[in-house]
């Protein structure tokens, strides 16, 4: 880990987690309403948001927390073949694994694209095992995501829509 990387890792305490969980549920909630909902002062919520935004813990232009900031620096894409009659059960089982941060259905050799995050390689191995144990999953393949070269972005689509 480089010095620059270590500067971006910040601790999320209970208040931070409450703020960002609420924002994940409703990203457009005004800060005043968010503060009232959580029983916090408006200034506390504003300070927490600004600190995480300037500290590099959030994805650019987002209130989404970067997994690295939570001690989950390993990112991987797992593709899985699913018994078609068990697709719903497989998706439900995957949803119960906290480190599974995204699942998409796909066409091609695999049926699902599963994005996971992990603490280290041993943790990633454990996740791979947990995924293959999910009901309906026949086989999986894991590919490490080494570096985000272009972050998730949507704004440029507005010029081409």
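If I filter region 125-133 for residues that are outside any helix (DSSP H, G or I) and touching a helix residue (DSSP H, G or I) at 6+ places or on another chain (Cβ under 6 Å), do I get at least one hit?
no
Can you name every one of the strands (runs of 3 or more DSSP E) wholly within region 66-124 that holds 1 or more residues which are without any contact (Cβ under 8 Å) to a residue 40 or more places away in the chain and more than 30 Å from residue 54 (Cβ to Cβ)?
In region 66-124, the matching strands (runs of 3 or more DSSP E) lie at 100-105, 112-118.
What about residue 151, is it at negative phi and touching a residue at least 24 places away in the same chain (Cβ under 8 Å)?
When the stated conditions are applied, residue 151 passes them.
What are the residues in region 79-96 that are under 14 Å from the mean Cα position of the chain (by Cα) and either assigned by TED's automatic domain parsing to the domain that holds residue 13 or crowded, with 17+ Cβ neighbours inside 10 Å (or both), if any?
94
The values are calculated or read from the model by the stated rules, or taken from the named source; none is laboratory data. Keep in mind that what you see is a predicted model, and the values were worked out from it rather than measured. So basically every Cβ, Gly included, is an ideal-geometry build from the backbone, and we count neighbours across all protein chains shown.
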